[in-house]
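So the structure is just underneath, and the comments pick up after that.
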């Protein structure tokens with residue numbers, strides 16, 4: 001590994017672009033390689049064994065590209081296999097976890113909601129975070145099947161999406177939540193719609209700042225921050241070979257991109 005080498009970022013699909021954009025903004029001189037495993041999305045309804053196999057294949061690809069660190073920009077992948085990835089690949093690997101701790105610092109009612117994929121809910125990782133941080137607060141976990149698929153289609157403002165979101169959010173609002181944790185990177189593209197539904201008085205928390213800060217800390221600790229002072233555009237790869245994949249990533253990245261497949 002060398003300080004001029006790129007950082008690898010991957011997700012089950014396009015959701016991790018929200019994390020990549022934050023990293024690109026906060027660490028603008030770092031070169032990035034983003035991999036969307038959209039050909040196998042969503043991970044939320046897959047087995048742990050399948051997810052681990054996919055993540056190992058993607059990490060192997062990124063290592064071949066000589067990345068100096070890997071960001072697993074996917075909550076489901078993180079809870080499913082980050083321990084195994086860290087044991088196999090000897091470079092800094094940073095994962096995602098729902099921002100339950102900062103949410104608990106924001107709540108006034110003592111009731112927060114977590115939006116997550118079914119696999120993340122089943123993994124028990126959220127419950128471990130709740131046990132670790134919640135104290136006397138109440139944390140309500142809401143599985144959200146169907147949202148990832150709509151974001152993968154860049155279908156982020158459709159009536160069907162609004163209906164799904166309302167169905168997931170209303171039970172949380174009825175129970176008095178005043179803070180909502182985004183527990184899937186795909187859902188970050190829905191924040192404005194979520195805010196419209198729940199109202200401006202509800203806090204919405206992501207893990208993007210924490211992940212970027214941890215990445216920067218690990219790069220500094222390993223003397224891997226780039227000395228370059230030039231901004232470069234990320235390289236984008238996808239396992240979805242359809243023409244629409246490039247258009248979706250371009251739309252969510254807010255500028256045209258060149259997409260390679262692997």
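The values are calculated or read from the model by the stated rules, or taken from the named source; none is laboratory data. Note that the coordinates shown come from a computational prediction; the quantities given were computed from them, not determined experimentally. We place every Cβ from the backbone using ideal geometry, glycine too, and count neighbours over all the protein chains shown.
Suppose the filter is over 16 Å from residue 97 (Cβ atoms) and under 22 Å from the mean Cα position of the chain (by Cα); does residue 220 pass it?
No.
Name the single residue, out of those in region 92-109 being assigned to a loop (DSSP other than H, G, I, E, B) and in contact with a strand residue (DSSP E or B) (Cβ under 6 Å, 6 or more places away or on another chain), that is farthest from residue 208 (Cα to Cα).
Filtering region 92-109 for residues that are assigned to a loop (DSSP other than H, G, I, E, B) and in contact with a strand residue (DSSP E or B) (Cβ under 6 Å, 6 or more places away or on another chain), the one farthest from residue 208 (Cα to Cα) comes out as 107.
Do you know which of the residues in region 156-173 that are outside any helix (DSSP H, G or I) and more than 16 Å from residue 184 (Cβ to Cβ) is modelled with the highest pLDDT?
This residue is 158.
Okay, residues lined up against (1) in contact (Cβ under 8 Å) with a residue 60 or more places away in the chain; (2) more than 16 Å from residue 37 (Cα to Cα):
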{"site": "218", "(1), (2)": "yes, yes"}
{"site": "222", "(1), (2)": "yes, yes"}
{"site": "235", "(1), (2)": "yes, no"}
{"site": "249", "(1), (2)": "yes, no"}
{"site": "257", "(1), (2)": "no, yes"}
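Please determine, by comparing only the residues of region 16-41 that are in contact with a helix residue (DSSP H, G or I) (Cβ under 8 Å, 6 or more places away or on another chain), assigned to a loop (DSSP other than H, G, I, E, B) and at pLDDT 95 or above, which one is surrounded by the fewest Cβ atoms within 10 Å (Cβ to Cβ).
My answer is 27.
For residue 238, only one of the following conditions fails: (1) in contact with a helix residue (DSSP H, G or I) (Cβ under 6 Å, 6 or more places away or on another chain); (2) in the same structural domain as residue 37 (by TED's automatic domain parsing); (3) at pLDDT below 95. What is its number?
(3)
Out of everything in region 62-76 that is modelled with pLDDT of 95 or more and out of contact with any strand residue (DSSP E or B) (no Cβ under 7 Å at 6 or more places or on another chain), what residue ends up being surrounded by the fewest Cβ atoms within 10 Å (Cβ to Cβ)?
Checking each candidate, the answer is 64.
Against the definition (modelled with pLDDT of 95 or more and surrounded by fewer than 23 Cβ atoms within 10 Å (Cβ to Cβ)), how does residue 105 come out, yes or no?
Values: modelled with pLDDT of 95 or more: no; surrounded by fewer than 23 Cβ atoms within 10 Å (Cβ to Cβ): yes.
For residue 105, the condition - modelled with pLDDT of 95 or more and surrounded by fewer than 23 Cβ atoms within 10 Å (Cβ to Cβ) - is not met.
Out of (1) assigned to a helix (DSSP H, G or I); (2) crowded, with 21+ Cβ neighbours inside 10 Å; (3) more than 14 Å from the chain's Cα centre (by Cα), the odd one out for residue 180 is which?
Condition not satisfied by residue 180: (1).
For the subset of region 156-177 comprising residues that are more than 19 Å from residue 15 (Cβ to Cβ), in contact with a helix residue (DSSP H, G or I) (Cβ under 9 Å, 6 or more places away or on another chain) and touching a residue at least 40 places away in the same chain (Cβ under 8 Å), which member is surrounded by the fewest Cβ atoms within 10 Å (Cβ to Cβ)?
172
Taking the residues in region 42-58 that are assigned to a helix (DSSP H, G or I) and touching a helix residue (DSSP H, G or I) at 6+ places or on another chain (Cβ under 6 Å) as candidates, determine which candidate is modelled with the lowest pLDDT. Steps first, please.
Here is the first cut: in region 42-58, the ones assigned to a helix (DSSP H, G or I) are 48-58.
From what's left, touching a helix residue (DSSP H, G or I) at 6+ places or on another chain (Cβ under 6 Å): 48, 51-52, 54-55.
On the way: 48: 92, 51: 95, 52: 97, 54: 98, 55: 98.
Here the residue is 48.
If I filter region 113-155 down to residues being part of a loop (DSSP other than H, G, I, E, B) and touching a residue at least 60 places away in the same chain (Cβ under 8 Å), which single residue comes out as surrounded by the most Cβ atoms within 10 Å (Cβ to Cβ)? Walk me through how you get there before you give the answer.
The initial filter retains those residues of region 113-155 that are part of a loop (DSSP other than H, G, I, E, B), namely 117, 124, 134-137, 144-146, 153-155.
Going one step further and asking which of them are touching a residue at least 60 places away in the same chain (Cβ under 8 Å), we end up with 117, 145, 153-154.
On the way: 117: 28, 145: 13, 153: 13, 154: 16.
Checked region 113-155; the qualifying residue surrounded by the most Cβ atoms within 10 Å (Cβ to Cβ) is 117.
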